[in-house]
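Reviewing the structure listed below.
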Amino acid sequence: MPAQRNDVEPTLSKSPANSAQAPAEQAEERSTKPPRRRAERSERPSAGSRWPGLLLLAILAVQAGVSLWMMRANGMFEDEGTYAYDGHQLWQSWFDHVPNTSDYSKILSGVPDFYPIISAGLDHLGGLFAIRLFSCAMMLGATAALFSFTRRLYGPRAAVIAAGLFALLQPTTYMGAFGTYDAMALALLAFASVCALRAADGRLAWGWIAGAIVFCFLADAAKYASALWNPPVFAILLFAAVPHVGWRRALVRAFAAVLGLGALIGAGLYVGGADLRAGIAFTTTQRAAGTTPASEIYHDTMLRLGIVLIAALLGLAFAAFSPASAGRFRVPGALLAASLVLAGLLAPINQARIDTDTAFPKHLGFGAWFTAALAGFGIAAFFAQARSRRTAEAVTALAVLASGIYGTQQAHMLFQTWGNAVPAVNAMKPYVSKGTDRYLAEDDPVEQYYLRKQTNQSQWYNTWSFSYQDQWTHAHLSGTPAYVAAIKQRYFSVIELLGVGTESADQAMAAQVAITKGYELVAKVPLYENGSAKPFSYYYIWALQSHT
């Protein structure tokens, strides 16, 4: 299945995708010149050996340009604010001995002492742009790792196609502009996969296996949901090694890797304690079911990854039935290809199971990394059968370009699905200060982040969840009745409502504010989404008259 290459030993077998060598290379192979002369010529890198690397640099440049363009297109999202703000709080608790009253282990989707600390450090250096720039660098690393992975497995032509497809998929450019843990977790999984493949031929095998284990562990620590793609990494480790060391030794290696990762995860869970385990259950393994039908999730999958999945199925067919993958290479090669296809389907299968599309575009990107490698092989192998090499290359380039344009448009639209809350934050700023006052905000992580120097985290409340004991009846309330009672008793000094996401509760609160003495409407700030010139909604900000 994979391609024979001059610089490394093939991982599995020869591929039809790269068997059609350049005419100059074929002429060199048929040359009757003395062996010494051919050896001397082979020592000098030819133009043919450099073009894949040069094309990779061009792909990375385009990917970086798109992500940089997108990250300037919108303000902070609440997830970005959550991790940066929580990281600052942890830094203060460590070095400034400021008491930390929040238990981040129970609410974050990754280990609190890992990515949030990085995010806060980056924020200190360059603000939100630095945080997002780090994500861009991580996604560039993931694309480069995909090129290396695919080149070793299927040859340079397939590697260029795979990198080109992946670089401009909607999940790729979106995560490259989005300042959360997703990009780092995906890059770590990519590095783990490269290590697993490098372990196949036996050279420093256990060192590469150790690297795969560590990278998987770090990816899982950064984002708990990354564990869903640990099995494809171990499948690569197993099936890529079979042609070199046989089934028995390959199974021993894979089993040892599973035990090693299990030991690290077990140690981490023990050190993290019950709160960390509760957080993993709440955010990942026992996540509440949603209302998005499975049909919509699968339809969305085809819209975002259709070309990659179709090309990967073509690659699977070549791996399983091509004469080039006959003999002892066919079974492990086909199983490895099937594992790459399955990796691309893990996110939609899992999220259709619980009827939720939460973080779905990002999760698709994790599986797409694996599937893109096989997609590159499928396209390369298909066009290797063409009579005209130039025509095949032109059609391939156009297909990759069309996929990239479509993916970029999708990512840009997705990146503008939330509004820029900075104008609302600036409108609130004169009315907040450190102390005992309480502030209710629609997107409280964003407000907390921007106003962290003049407020405390304990002062903030959001419109999604709230419990309150009525001061008059002493009844314990939750949800909308709790908000209404708290406003009636002027529990909040400043209230910001948007009417998006929690519409019914916001309407009830707005009605109560209007009839409660002491509150004054101090600002009405427009919210724009998707680059529209017309406001999507408005932030309404009230403050107690004693604060105005």
Practice item. Pull up segment 457-503, narrow it to residues that are exposed (fewer than 12 other Cβ atoms within 10 Å of the Cβ) and of a type in the set (Ser, Thr, Tyr), then point me to the one that is nearest to Thr436 (Cα to Cα). Key: Ser458
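Condition check ((1) under 25 Å from Gln459 (Cβ atoms); (2) free of Cβ contacts under 8 Å to residues at least 12 places away in the same chain; (3) outside any helix (DSSP H, G or I); (4) out of contact with any strand residue (DSSP E or B) (no Cβ under 8 Å at 6 or more places or on another chain)) across all residues:
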| position | (1), (2), (3), (4) |
| --- | --- |
| Trp94 | yes, yes, no, yes |
| Ser119 | yes, no, no, yes |
| Phe134 | no, no, no, yes |
| Leu146 | no, no, no, yes |
| Ala159 | no, no, no, yes |
Point to revise | Enumeration of residues in segment 218-271 that are within 19 Å of Gln286 (Cβ to Cβ), touching a helix residue (DSSP H, G or I) at 6+ places or on another chain (Cβ under 6 Å) and small (Gly, Ala, Ser) | key: Ala225, Ser226, Ala227
Review point. Do we find a residue being hydrophobic (A, V, I, L, M, F, W, C), within 13 Å of the chain's Cα centre (by Cα) and under 20 Å from Ala375 (Cβ atoms) anywhere in segment 122-141?
Key: yes
**Study point:** Where a residue in segment 208-229 is assigned by TED's automatic domain parsing to the domain that holds Gly262 and under 16 Å from Gly365 (Cβ atoms) and its partner, wherever it lies, is in a loop (DSSP other than H, G, I, E, B) and aromatic (Phe, Trp, Tyr), with Cβ under 8 Å and at least six apart
**Key:** Ala222/Phe114; Ala222/Tyr181; Lys223/Tyr181
Practice item. Spot the failing condition for Gly419; the list is (1) under 30 Å from Leu303 (Cα atoms); (2) out of contact with any Asp or Glu (no Cβ under 7 Å at 6 or more places or on another chain), and only one is missed. Key: (2)
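With respect to Leu259, determine if the residue is in a helix (DSSP H, G or I) and either buried (at least 21 other Cβ atoms within 10 Å of the Cβ) or under 23 Å from the mean Cα position of the chain (by Cα) (or both).
Against the criterion (in a helix (DSSP H, G or I) and either buried (at least 21 other Cβ atoms within 10 Å of the Cβ) or under 23 Å from the mean Cα position of the chain (by Cα) (or both)), Leu259 does not qualify.
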Review point. Which of the residues belonging to segment 437-458 are touching a Gly at 6+ places or on another chain (Cβ under 8 Å) and of a type in the set (Val, Ile, Thr)?
Key: Val446
Check your understanding: Any residue at all in segment 292-302 that is part of a loop (DSSP other than H, G, I, E, B), assigned by TED's automatic domain parsing to the domain that holds Val160, of a type outside the set (Gly, Ala, Ser) and more than 30 Å from Val395 (Cα to Cα)?
Key -> yes
Revision key, fill the gap. By residue number, the members of segment 23-75 that are at pLDDT 50 or above, small (Gly, Ala, Ser) and touching a helix residue (DSSP H, G or I) at 6+ places or on another chain (Cβ under 7 Å) are Gly48, Ala64, Ser67, Ala73, Gly75
Exercise for review: Using the structure shown, decide if Gln469 is touching a Leu at 6+ places or on another chain (Cβ under 9 Å) and more than 17 Å from Asp443 (Cα to Cα).
Suggested key: yes
Study note, to complete from the structure: Only unsatisfied item for Arg287, checking (1) in contact (Cβ under 8 Å) with a residue 40 or more places away in the chain; (2) touching a Leu at 6+ places or on another chain (Cβ under 8 Å); (3) under 27 Å from Thr358 (Cα atoms), is (2)
Practice item. State yes or no: is Asp123 surrounded by fewer than 18 Cβ atoms within 10 Å (Cβ to Cβ), in the same structural domain as Ile379 (by TED's automatic domain parsing) and acidic (Asp, Glu)? Key: no
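Could you tell me whether Val494 is hydrophobic (A, V, I, L, M, F, W, C), touching a residue at least 40 places away in the same chain (Cβ under 8 Å), within 30 Å of Ala533 (Cα to Cα) and in contact with a Leu (Cβ under 9 Å, 6 or more places away or on another chain)?
Values: hydrophobic (A, V, I, L, M, F, W, C): yes; touching a residue at least 40 places away in the same chain (Cβ under 8 Å): yes; within 30 Å of Ala533 (Cα to Cα): yes; in contact with a Leu (Cβ under 9 Å, 6 or more places away or on another chain): yes.
It is true that Val494 is hydrophobic (A, V, I, L, M, F, W, C), touching a residue at least 40 places away in the same chain (Cβ under 8 Å), within 30 Å of Ala533 (Cα to Cα) and in contact with a Leu (Cβ under 9 Å, 6 or more places away or on another chain).
The values are calculated or read from the model by the stated rules, or taken from the named source; none is laboratory data. Keep in mind that what you see is a predicted model, and the values were worked out from it rather than measured. With ideal geometry, Cβ positions are generated from the backbone for all residues, glycine too; neighbour counts draw on all protein chains shown.
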